[in-house]
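Here is the structure we will look at, set down as structure tokens.
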Amino acid sequence: MKTSNPVLSRLGQAAERERAAGYSPAGPYGPAAGQPGYGQPYPSADGGYPSAPPAVQPMTIDDVVVKTVILLGIVGVSATAAWNLIPDALLGAAWIGAAVVGLVLGLIISFSRVANPGLVVAYAVVEGAFVGLVSKTFESFYNGIVLQAVLATFGVFFLMAVLYRARVIRATPKFARGLIAVMGGLFAVMLINFVLSLFGVNTGLRDNGILGIGFSLVCIVVASLSFILSFNEVEEGVRLGLPARYAWTASFGILVSLIWLYLEVLRLISYFQGDD
């Protein structure tokens with residue numbers, strides 16, 4: 001099995017070995033060591049040992065679609081709850097707290113080599129609260145801006161899905177490396193800008209001037225292109241036969257891009273509706 005993604009390649013090889021041996025995954029996804037299905041054949045009803053035990057269920061595109069819809073539903077419920085339950089006096093503190101917790105959970109999930117549905121769901125809950133609080137703030141200044149941003153976000157998402165399906169944009173190794181480098185650079189710039197803002201330094205990067213509009217447009221383009229990497233990850237995961245539980249990890253990638261795109265679109269629209 002060959003793929004441009006080394007992590008996917010290793011996971012695919014591991015899944016192939018599990019299927020070849022006929023083992024079930026251990027831990028929360030299967031029997032523990034010393035139990036049938038983990039290094040031992042499954043006994044039959046008559047006490048014998050028949051053919052190999054059930055193989056690991058491979059991930060499908062439908063798995064990813066279902067998991068993505070579930071995560072979006074969780075984000076929506078969490079956002080609605082935060083919008084209605086958190087008082088305005090605590091808005092700023094809750095906003096910052098949710099952002100920090102979401103960042104930590106996102107980094108843990110991103111650098112983990114094992115799919116963890118619990119962490120992914122927790123991330124959706126926390127990010128949902130963050131999105132709800134941010135949306136409430138913007139909506140208080142610009143009536144109807146949230147609906148506009150939601151429609152634009154999903155419009156871009158479906159457009160990128162069509163472009164990827166038609167192979168207009170391909171996730172080549174060069175494209176992936178370049179995009180990941182740009183994303184890392186943007187993240188560093190936003191982090192530095194945030195730290196400077198805490199000390200009262202205004203770089204103009206998040207104002208409604210030419211620099212702010214240009215930076216938001218760059219972020220929107222990069223966030224849109226990141227869907228190509230997510231779609232390719234799903235396609236490669238299915239081709240490599242990754243276990244079904246990795247559909248949560250693939251859905252997490254799509255969710256991160258959707259949230260980032262939504263926030264950037266929300267900010268860009270606000271620039272054209274008055275002062276931030």
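The values are calculated or read from the model by the stated rules, or taken from the named source; none is laboratory data. Being a predicted model, the structure only gives us computed values, none of them experimental. Neighbour counts are summed over all protein chains in view; Cβ atoms, including those assigned to glycine, are modelled from backbone coordinates with ideal geometry.
Quick one: which residue in Phe194, Phe187, Phe199, Phe215 is surrounded by fewer than 18 Cβ atoms within 10 Å (Cβ to Cβ), of a type outside the set (A, V, I, L, M) and either touching a Leu at 6+ places or on another chain (Cβ under 8 Å) or more than 20 Å from Ile259 (Cβ to Cβ) (or both)?
Selected residue: Phe199, the only one of Phe194, Phe187, Phe199, Phe215 that is surrounded by fewer than 18 Cβ atoms within 10 Å (Cβ to Cβ), of a type outside the set (A, V, I, L, M) and either touching a Leu at 6+ places or on another chain (Cβ under 8 Å) or more than 20 Å from Ile259 (Cβ to Cβ) (or both).
Looking at the structure I just gave you, is Tyr271 in contact with a Leu (Cβ under 9 Å, 6 or more places away or on another chain), more than 18 Å from Leu159 (Cβ to Cβ) and at pLDDT below 95?
No.
State yes or no: is Glu127 surrounded by 11 or more Cβ atoms within 10 Å (Cβ to Cβ), of a type in the set (Asp, Glu) and under 22 Å from Val69 (Cβ atoms)?
yes
Among the candidates Ala223, Ala176, which residue alone is surrounded by 15 or more Cβ atoms within 10 Å (Cβ to Cβ), in contact (Cβ under 8 Å) with a residue 40 or more places away in the chain and farther than 19 Å from Ala152 by Cβ?
None of the other options fit; the residue is Ala176.
When you check Val114 against the structure, is it of a type outside the set (S, T, N, Q) and at pLDDT 90 or above, yes or no?
no
List the residue pairs whose Cβ atoms are under 7 Å apart, where the first residue sits in the stretch 120-148 and is free of Cβ contacts under 8 Å to residues at least 24 places away in the same chain, the second is buried (at least 18 other Cβ atoms within 10 Å of the Cβ), and the two are 6 or more positions apart or on different chains.
Ala122/Leu105; Glu139/Ile145; Glu139/Val146
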